[in-house]
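For reference, the structure is listed below as structure tokens.
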Amino acid sequence: MEKCFIVSPIGGNGTATREHADTVQDYLIKPVCDELGLDAIRADQIPGSSKIDDEIFEHLSNDYLVIADLTDLNPNVLIEVGYRLRDGKPMVLICDEDRNSKLPFDVQGIRTCFYLLDLRNVGPSKEKLRNFILAALEKSENYYLDLKATVSNCRIKTFTDKDGMTVRKSSIPEKYRTLLLDGVRNDFRNPKISWD
């Protein structure tokens, strides 16, 4: 199951911020991710005892998809969105229409899924989110399949994207690895090229 990292304001236990984050996760994001075969997790739910910042940036770098909730324009969320944007990997921005309708200039140009958190009628928001996720993942497939490899001694050393950014092999989803390896072997006319 591919990983989906949820970026959102979290707040402390019992706060309105936490209640909102839990409701969005439990009634909007998780049901849609479950339907699409994605394993969704938020920073406060990461198991383990390592430094949380390192864990967050690991998820931002390596998870198949990131869903970021811009509601209330939390500074940490905006930093994490910028970090994910730098890699050009699939991300869906969402925002509670009742709480913010005006986004900062730097993210206005990115399509954002505005949702209504009416639990009696959450269906339209779930359908909208589902469509945004599918569009992001379709774009993702083109992104991964267009990567260019550097090969040395019959081993793939690195990949670069169309903007010249280095993409770590470990961050490439498993489902694209075989396709990329076959493509590299074909491009270099060498069936002995290996991933490691």
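The values are calculated or read from the model by the stated rules, or taken from the named source; none is laboratory data. Here the structure is a predicted model, which is why all the values come from computation and not from measurement. When we count neighbours, we look across all protein chains shown, and the Cβ atoms used for this are built from the backbone with ideal geometry, even at glycine.
If I filter the stretch 107-141 down to residues being of a type in the set (Val, Ile, Thr) and more than 15 Å from the chain's Cα centre (by Cα), which single residue comes out as nearest to residue 79 (Cα to Cα)?
Going through the stretch 107-141, the residues of a type in the set (Val, Ile, Thr) turn out to be 107, 110, 112, 122, 133.
This time we only want the ones that are more than 15 Å from the chain's Cα centre (by Cα), so: 107, 122.
Numbers: 107: 12, 122: 28 Å.
Applying the filter and picking the extreme gives 107.
Quick grid of which residues meet (1) assigned by TED's automatic domain parsing to the domain that holds residue 174; (2) touching a residue at least 60 places away in the same chain (Cβ under 8 Å); (3) under 15 Å from residue 1 (Cβ atoms):
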| site | (1), (2), (3) |
| --- | --- |
| 40 | no, no, yes |
| 46 | no, no, no |
| 55 | no, no, no |
| 74 | no, yes, no |
| 85 | no, no, no |
| 89 | no, yes, no |
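A single member of 125, 101 is in the same structural domain as residue 28 (by TED's automatic domain parsing), at pLDDT below 85 and among the polar types (S, T, N, Q), and it is 101. What residue, among those in the stretch 128-153 that are of a type in the set (S, T, N, Q) and at pLDDT below 90, is farthest from residue 8 (Cα to Cα)? Top of the filtered list is 142.
For every residue, the table says whether it meets (1) surrounded by 14 or more Cβ atoms within 10 Å (Cβ to Cβ); (2) touching an Asp or Glu at 6+ places or on another chain (Cβ under 9 Å); (3) small (Gly, Ala, Ser).
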| site | (1), (2), (3) |
| --- | --- |
| 26 | no, no, no |
| 29 | yes, yes, no |
| 40 | yes, yes, yes |
| 51 | no, no, no |
| 55 | yes, no, no |
| 79 | no, no, no |
| 83 | yes, no, no |
| 107 | yes, no, no |
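Summed over the stretch 4-30, the residues that are among the aromatic types (Phe, Trp, Tyr) and assigned to a helix (DSSP H, G or I) give a count of 1. The set of residues in the stretch 109-159 being over 24 Å from residue 6 (Cα atoms), of a type in the set (S, T, N, Q) and surrounded by 14 or more Cβ atoms within 10 Å (Cβ to Cβ) consists of 158 alone. Comparison of 120, 185, 177 shows that the only residue that is out of contact with any strand residue (DSSP E or B) (no Cβ under 7 Å at 6 or more places or on another chain) and either among the polar types (S, T, N, Q) or in contact (Cβ under 8 Å) with a residue 12 or more places away in the chain (or both) is 177.
Give the residues of the stretch 72-99 that are over 17 Å from the mean Cα position of the chain (by Cα) and within 17 Å of residue 129 (Cα to Cα), sorted by residue number. Can you show your working first?
At the first step, the residues of the stretch 72-99 found to be over 17 Å from the mean Cα position of the chain (by Cα) are 72-75, 96-99.
Matches in the stretch 72-99: 96, 97, 98.
Only one entry in 175, 192, 139 is out of contact with any Ser or Thr (no Cβ under 9 Å at 6 or more places or on another chain), among the basic types (Lys, Arg) and under 30 Å from residue 97 (Cα atoms), namely 139.
Selection of the stretch 160-185 for residues being surrounded by 12 or more Cβ atoms within 10 Å (Cβ to Cβ), small (Gly, Ala, Ser) and more than 17 Å from the chain's Cα centre (by Cα) yields only 183. Among the residues of the stretch 30-67, those that are aliphatic (A, V, I, L, M) and more than 20 Å from residue 79 (Cβ to Cβ) comprise 32, 36, 38, 40. Looking only at residues of the stretch 40-89 that are assigned to a loop (DSSP other than H, G, I, E, B) and at pLDDT 90 or above, we find that the one that is farthest from residue 144 (Cα to Cα) is 74.
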